[in-house]
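A short write-up of the structure that comes next.
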Amino acid sequence: MELDLAREFYRKMLLIRRFEEKCVELYSKEKIRGFLHLYIGEEAIAVGIMDALSPEDAVFTTYRDHGQALARGIQPNRILAEMYGKVEGCSRGRGGSMHLFDAHTHFYGGNAIVAGGLPLAVGMALADKMMKRNRVTVCIFGDGAVAEGEFHESLNLAALWHLPVLFVCENNGYAMGTALEFTESETNISLKAAAYRISSRQVDGMDVVAVAEAAQEAVSEIRAGNGPVFIECLTYRFRAHSMFDAERYREKSEVEEWKKKDPLLLLHQRFPNIDIDKYETEIVQIIDEAVDFAENGTLESIDDLEKFVYSCEVIP
Amino acid sequence: MELDLAREFYRKMLLIRRFEEKCVELYSKEKIRGFLHLYIGEEAIAVGIMDALSPEDAVFTTYRDHGQALARGIQPNRILAEMYGKVEGCSRGRGGSMHLFDAHTHFYGGNAIVAGGLPLAVGMALADKMMKRNRVTVCIFGDGAVAEGEFHESLNLAALWHLPVLFVCENNGYAMGTALEFTESETNISLKAAAYRISSRQVDGMDVVAVAEAAQEAVSEIRAGNGPVFIECLTYRFRAHSMFDAERYREKSEVEEWKKKDPLLLLHQRFPNIDIDKYETEIVQIIDEAVDFAENGTLESIDDLEKFVYSCEVIP
Amino acid sequence: MSEKITYREAVRKGIREAMENDKRVFLMGEDVGHYGGSYAVSMGFLELFGSERIIDTPLSESAFTGAGIGAALGGMRPIVEIMTVNFSLLALDQIMNNAATLLHMSGGQFNVPLVIRMATGGGKQLAAQHSHSLEGLYAHIPGLKVLIPATVQDAYDMVALALADPDPVLIFENVMLYNIKGELDTEALPLVIGKAKTERTGKDLTILTYGISLFKALEAAEILSSEGIDAEVIDLRSLRPLDDETIMNSVAKTHRVMIVDEGWKSGSISAEIMARINEQAFFELDAPMGRVCTVEVPIPYASHLEQAALPSTEKIVTMGRKLMEKS
Amino acid sequence: MSEKITYREAVRKGIREAMENDKRVFLMGEDVGHYGGSYAVSMGFLELFGSERIIDTPLSESAFTGAGIGAALGGMRPIVEIMTVNFSLLALDQIMNNAATLLHMSGGQFNVPLVIRMATGGGKQLAAQHSHSLEGLYAHIPGLKVLIPATVQDAYDMVALALADPDPVLIFENVMLYNIKGELDTEALPLVIGKAKTERTGKDLTILTYGISLFKALEAAEILSSEGIDAEVIDLRSLRPLDDETIMNSVAKTHRVMIVDEGWKSGSISAEIMARINEQAFFELDAPMGRVCTVEVPIPYASHLEQAALPSTEKIVTMGRKLMEKS
Ligand SMILES: Cc1ncc(C[n+]2csc(CCOP(=O)(O)OP(=O)(O)O)c2C)c(N)n1
Ligand SMILES: Cc1ncc(C[n+]2csc(CCOP(=O)(O)OP(=O)(O)O)c2C)c(N)n1
Ligand SMILES: [Mg+2]
Ligand SMILES: [Mg+2]
C-alpha cells in the first residue's frame, strides 16, 4: 500500500479516536445524554470499509455509529451537534448518538434495534437491482446481531436474490456483557454466513489495510454482479459497552492484550513515516470547532415537536 | 426389520391415509371447516418418528398434524370430534384441525404459526434438562419454517445449551405454492442445520423403515446426553396444500412421479406378506366409529365461550 | 364507467393498474406469485409482470417487510403483502421501529413510501392463531396510516391512495369480503386519506364502524328502522387518522353513539373513538355510548362459538335498542 | 419488618426470594448473568444461583421468550427478562399466539405459568426506538395479565404475585423508577391481581394512573390542592384486568376524571378506561374526562423535546384546572 493512503487511513482513525474521547468528556459534562457507544479500538473497520465505497453507495449501521459516520464523511460538526440535540445535527437532534443519518452521503442510520438494519439493507439492494443502479449497500452490525432471526432471514434473502449487499460483522467478542461463546453454537461467524452460500471471509479487524483490501475485493465482486459478500472483522472494543457498564464480564488483562493490537499503533508500526503530530494538531482543531458548533447550535422549538411524524410536515 | 413391526407400521400409515381421505369427504359435506391440511404421502414420517419415542416424550408439531396425532396414539374419535368442533374433541372443539392437543400423550399441538412451535420445543427440552428428566422433545415442522428467524434462533439455542430435542423437518419441497428453490439459498436443509453444529442428517421420508431407524438412532444419541439432533425427511404431499389450492405451482407429472414412492406402496413391496385387506377392514370400522362419535358429540354451550382464557376458569 | 365486481377483483385491479402506471411499484410477499396469492388476489400476475415485480418471498415476515422499507427508501414503491395480519406480529418490530420512525429519527430526511396489505378478521373457523383483528393496535402507532376498505369502491381506490402517500400505509382487507360483489366506478373522484363516509343517514343514533362490520351495521340499521329507530351509519375507512369532524358532526345530530369493531373489546379502536367523543362532544351525548366488539377470547374453532365471539347484526340491533332506552 | 430500599433492590429481592423458595423458578434473558442485568437488577445472581438458573441468552427475543413458554409448559416457573419493552415486539408473536392462546386452543389442557419482565418508558433520551410505552398494547390481549408496579412495595410483591399465577403475567418496570427509594414491608398482606390502590383520597377529581406517572400525579394533586382542588389519585397497578369497581366508586364520588398514562394518546389504555367509565358510570360524570398521555410522535432524542412529549406534573395540573372549569 502507498504511504499516502496509509496517512489518510491514519488521519481518519485518529479523528475517530479523538472524537470519541471528546464524547466521553462531553458525556461526563452532561452535554451528551442517552446511550453513548464508543468505537474506540474498532476504528480500522469503519475506515477500511468506507474506503472501498463510492459516494453513491449506501450505508446502514448500528447504534455504535460515530466511527462509520465520520469515516463516511459526515462532518464532525453535524455529528456532535446531533449529540447535543441541536437542529444543526445530522438528524436535527431527533436521533442522537444512536441514530445518525445523512442523506448526502446515503447514510441510512444508526439503527438501535440489534439486527434491525439488515432487512433494510437487503431492501435497498433490492431496489438497486430492480432499478439497475450499479450500487453497493454496506450493512454493518455486531456479533450480537448474528443470533437474531433477522440475521438469518436477511442473509437468506440477499443470497437467494443475488443482491448487491456487503455484510460487515464487527465481531468484538461481546454483545454487551455476553461473550460470543455464550451466544453462538458456532463461533466462527463467517462460517455461519457461508451456510447461506454467501461468499464469506474473516479478516483482522485491527488491521486497516487488511480490512480495506478485503472490502475492495468484496465491493468489486459485488459490482460484478456476483451477489452478496460477507466480511467478519475480528476486533475488540477497548471501552465499556456504553457509558453504563461495570465491565464485570471480562478481564482487564484481556483488554490489555487487545490494546497491543490497537489499529493506530499497528498502522504506525507499519508506516513509521506517518507524521502523527501533524494530524493530532489538525484534529484538535476540527474537534474544537465541532464543540463550538454544537454549543452554538439551536434547540428546536417545542412547537415543532410533532414535525416529521408524517412527510406533509417535513420542513422543505 | 421384523415383519411384525412392518405390519404395525403399515397399519398405522393406512389408518392415517384412510382417516385423511375421510376428512376430505367430510370437508366436502361441510362437517369439517376452517383450514384442512392433509398428510397423505407423508405418513412414513409420523409413523417412523413416533415409533422411536417413549410415552413420556413430548411432541410439538404444525397445523398439518393429523398424521402425528394418530401415530402418537390419540384416538381417532377424539381427533375427528375436534374437527367437528365438539366438546369430546381432543381440544374440546376450541382448536380444530390445526390445533390438536393431548395432555395424556404429551402432544403439545398443532401450531399454526409457521416455525412458532420451535421455541416451545426448545423450552420444553430446557425444562427437561433442568429437571433432569431423561426425556426427548420432538419438534416437527415443514421446509417453509426453515426461512423463519425462529428456526435460526431455536436451533442456535438448542445447540448452544445441548438440549434434548429432536428436530424433524418434513421437507415436501413446497411451502404452500412456493418451491424450496425460491425460499432457500441452500436447499439442502440438513446442511443448514449442521451450520449450528447440530448432528444432522437427511433421510428418505417415503421409507418408513429408514425414518424409524434414523429416529431410533437420533433418540439414543439425545438420551445419551449428546444434545440435539436434526433429521430432514425428504417427502412430498400428494394433495393440495389445504382444501383451497389451485395447485398452479407444480406439474401433475411431478406428483405422479412421487406417487410411485408412496410410503404404503414401498413398504408393501418390501414386505409383501402384509395382509392389507385385514387392515383395511379394521380401519374402515375405526373410522366409521370415529364419524359416529363425532356426529354424536356435544356442542359446547355458548355461555362457556369465555372459558379457558384464564386457568381459574378451567373446568376440572 | 361503472361495473359490478368482487372485492377481490377490485383490489386486484387496483394493484394491476398501479403496476402498469408506475414502474416503481412491485408486489412482494408469501405466495403472491406461483400460487397466485393466498386469497387469489394476484392470480396470474406472475405471468403478467414477471418474477422481478411479483416476488415470492420465503416465510420471513420480518425480513421481507423490512426489505420493503429498504426498497421504499431506495426509491421504489413496494406493496408488501403480509399473508394475514396474524403473521404481521413477526414483522411488527420492522413496522414500528423502522417504517414508522425513520422519517422522524432522521430529522425529516428519509421517508418510507411503503404500502403493506394484510388479510384480516375472523369468521372462517381458523381458530385462535389465524383470526386476529389488530387494526386498532396498528392505529396506535404514530408514523403509520391505517386504511380499511369495506366496499368494492374503496378496495380499488385505496390501493392508489396508499401508493400516492409518501409515508407507510397499511391496508387491511377482511377475508370475508373478498367474494362480495359491489359497484365500481373507475372514474370516481380520488379519495383523501382520513375521510369517513356516511353510508346511511339517520337522526336517532350514530353507528360508527368499518370493514366487514359496516354491512352488519347497515343490516341492523334496517331492522332498527322498522322499530322506529333511525340510525346513521358511518364507514370510518381510516383508523389513523380518524375523521373526528364527521364523527362529531353526526354525534351533534343524533346524540347517541354505538361503535362496532372486530377487535377484542378492551383496548380496541372503539375505546379510542369513545374517548374522543367524550373529549370533543361530551355535552352532545344523551346517553352512554355503546360498543359491539369481539368477545375477549382467543377465537375458538367451533363455528357456533366463533360466531358468538364476533360482532353480529343481532348484537348491533340489541345494542341499538338498549342505547335508545337510556337517557 | 420495614426498610427503605430502591425499586431496583425491591425487584431484586422479590426474584431472589422466589428463587430461594422454589427450585422451579429461574431467570433468563439478555445479559442477566455475567453483565448483571442491563439495569443491574440481577447483579451477582450468577454467582449466587449458578448459570443453570441465571441464563444469559443470545439476542433472540422470539426464541428465548418462546423457550420460556415451553419451559413453563414443562413444569418450570420461568422469569423471562426482555431487556426493554422495545425489543419485545420481536417476541410478540410468541406472546400473543402462544403464551396467550395455548390454554384456550388446547381446551384447557395446557396452561402457561410464565412471568415476563420488561423495562419500559421514556425519559432517558434514548430516542425513538428505545422509549416505547406499550403496556396498553399488551393489555389488549386476552389470556395475558399486565402488572405495573409503581412503588417499591409493589415492585417486590408483584414478583411473587406473578409467579403464583397459573397463566402468563407481564410485569413492566419503568426505567426511571429503578433508583427511587421507598418503604418495603416484607410482611405486608399478599396482593391480589387486579386490585387498584387509592394513593390519595380526594373529593373533586379522580386521577387514574400507574407506574411512573403516579408520582407526577401525586405531585400535581398537591399543587391542585393548594388551589382548592381536592384530587383523588388511584394507582391502577394492573392494566389487565382493570379494577372497574375501584374506578367507578371513585367516579361516583368525584364526578370528574383524568387519566394519565405514558402511552401515545390515541389508543392508549386511557382510551379504554374512558370507554369503561362512559359505559358504567356515564351519569356520574359532571364534565368530559381528560387524559394526559404521550404526544403522538416517535420519542425525540433532544431532552427538551422528549420532555415535551411525555406527561408531566405541569400538564396534569393544567388538565386538572381545565376539568374543574367545565360543567
Ligand atoms: C433487538 C435488541 N435486543 C436487545 C438490545 C439491547 N442491546 C443493545 S446493544 C446490545 C449488544 C449488541 O452487541 P453486538 O451486536 O455485538 O454489538 P456491539 O455493541 O458489540 O458493537 C444489546 C443486547 C437491542 N438494542 N436490540
Ligand atoms: C408465520 C406464518 N406465515 C405464514 C403462514 C401461512 N402459511 C401456512 S402454511 C404455509 C406453508 C408452510 O410450508 P411448510 O413449512 O413447508 O409446511 P407444509 O405445509 O409443506 O407441510 C404458509 C405460508 C403461517 N401459517 N405462519
Ligand atoms: Mg459485539
Ligand atoms: Mg413444505
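The values are calculated or read from the model by the stated rules, or taken from the named source; none is laboratory data. Since the structure is predicted, the reported quantities are computational estimates derived from the model, not experimental observations. Positions of Cβ are backbone-derived with ideal geometry, glycine not excepted, and every protein chain shown enters the neighbour counts.
Odds and ends about this structure:
- Condition check for C:Val11 on (1) within 13 Å of chain A (Cβ to nearest Cβ); (2) within 17 Å of C:Leu170 (Cα to Cα); (3) of a type in the set (A, V, I, L, M): one failure, at (1).
- Of the residues making up segment D:212-248, just one is among the hydrophobic types (A, V, I, L, M, F, W, C), within 22 Å of D:Ala281 (Cβ to Cβ) and surrounded by fewer than 20 Cβ atoms within 10 Å (Cβ to Cβ), namely D:Met248.
- With respect to the conditions (1) at the interface with another protein chain (Cβ under 7 Å from one of its Cβ atoms); (2) within 16 Å of ligand 4 (Cβ to nearest atom), B:Leu118 lacks only one, and its number is (1).
- Condition check for A:Gly177: within 14 Å of chain D (Cβ to nearest Cβ), on the phi < 0 side of the Ramachandran plot, away from ligand 2 (no atom under 16 Å from the Cβ) and modelled with pLDDT of 95 or more: yes
- Every condition in (1) in contact (Cβ under 8 Å) with a residue 24 or more places away in the chain; (2) away from chain B (no Cβ under 14 Å) is met by C:Val295 except one, and the failing one is (2).
- Subset of segment B:201-222 (residues that are surrounded by fewer than 21 Cβ atoms within 10 Å (Cβ to Cβ) and either on the phi > 0 side of the Ramachandran plot or in a strand (DSSP E or B) (or both)): B:Arg201, B:Gln202, B:Asp204
- Qualifying residues in segment D:134-153 (those that are away from every other protein chain (no Cβ under 11 Å) and crowded, with 24+ Cβ neighbours inside 10 Å) - the one farthest from A:Gly95 (Cα to Cα): D:Val152
- Residue in segment C:21-45 that is farthest from ligand 4 (Cβ to nearest atom), counting only those that are more than 9 Å from chain B (Cβ to nearest Cβ) and hydrophobic (A, V, I, L, M, F, W, C): C:Val25
- Residue list for segment A:117-140, filter: in contact with a helix residue (DSSP H, G or I) (Cβ under 8 Å, 6 or more places away or on another chain) and within 16 Å of ligand 1 (Cβ to nearest atom): A:Leu118, A:Pro119, A:Leu120, A:Ala121, A:Val138, A:Cys139, A:Ile140
- Of the strands (runs of 3 or more DSSP E) contained entirely in segment D:169-244, those carrying at least 3 residues that are over 17 Å from D:Thr313 (Cα atoms), away from every other protein chain (no Cβ under 14 Å) and modelled with pLDDT of 95 or more fall at D:169-174, D:181-185.
- For B:Leu14, the conditions (1) in a loop (DSSP other than H, G, I, E, B); (2) surrounded by fewer than 24 Cβ atoms within 10 Å (Cβ to Cβ); (3) in contact (Cβ under 8 Å) with a residue 60 or more places away in the chain are fulfilled apart from (1).
- For segment A:25-135, the helices (runs of 4 or more DSSP H) that sit wholly inside it and include 1 or more residues that are in contact (Cβ under 8 Å) with a residue 60 or more places away in the chain and within 16 Å of ligand 3 (Cβ to nearest atom) are A:43-51, A:66-72.
- Hey, C:Ser51 more than 16 Å from ligand 1 (Cβ to nearest atom), crowded, with 21+ Cβ neighbours inside 10 Å and among the polar types (S, T, N, Q) or not: no
- In segment B:162-200, the residue that is farthest from B:Ala212 (Cα to Cα) out of those that are β-branched (Val, Ile, Thr) and either within 16 Å of ligand 3 (Cβ to nearest atom) or part of a strand (DSSP E or B) (or both) is B:Thr178.
- Only one entry in D:Ile95, D:Ile79 is within 16 Å of ligand 2 (Cβ to nearest atom), surrounded by 23 or more Cβ atoms within 10 Å (Cβ to Cβ) and of a type in the set (A, V, I, L, M), namely D:Ile95.
- Selection within segment C:52-71 - more than 7 Å from chain A (Cβ to nearest Cβ) and outside any helix (DSSP H, G or I): C:Arg53, C:Ile54, C:Ile55, C:Asp56, C:Thr57, C:Leu59
- Out of B:Ala145, B:Ala158, sole residue that is in contact (Cβ under 8 Å) with a residue 60 or more places away in the chain, within 14 Å of chain A (Cβ to nearest Cβ), away from ligand 2 (no atom under 16 Å from the Cβ) and assigned to a helix (DSSP H, G or I): B:Ala158
- When A:Asp143 is tested against (1) more than 8 Å from ligand 1 (Cβ to nearest atom); (2) within 13 Å of D:Leu59 (Cβ to Cβ); (3) among the charged types (D, E, K, R), just one condition goes unmet, and that condition is (1).
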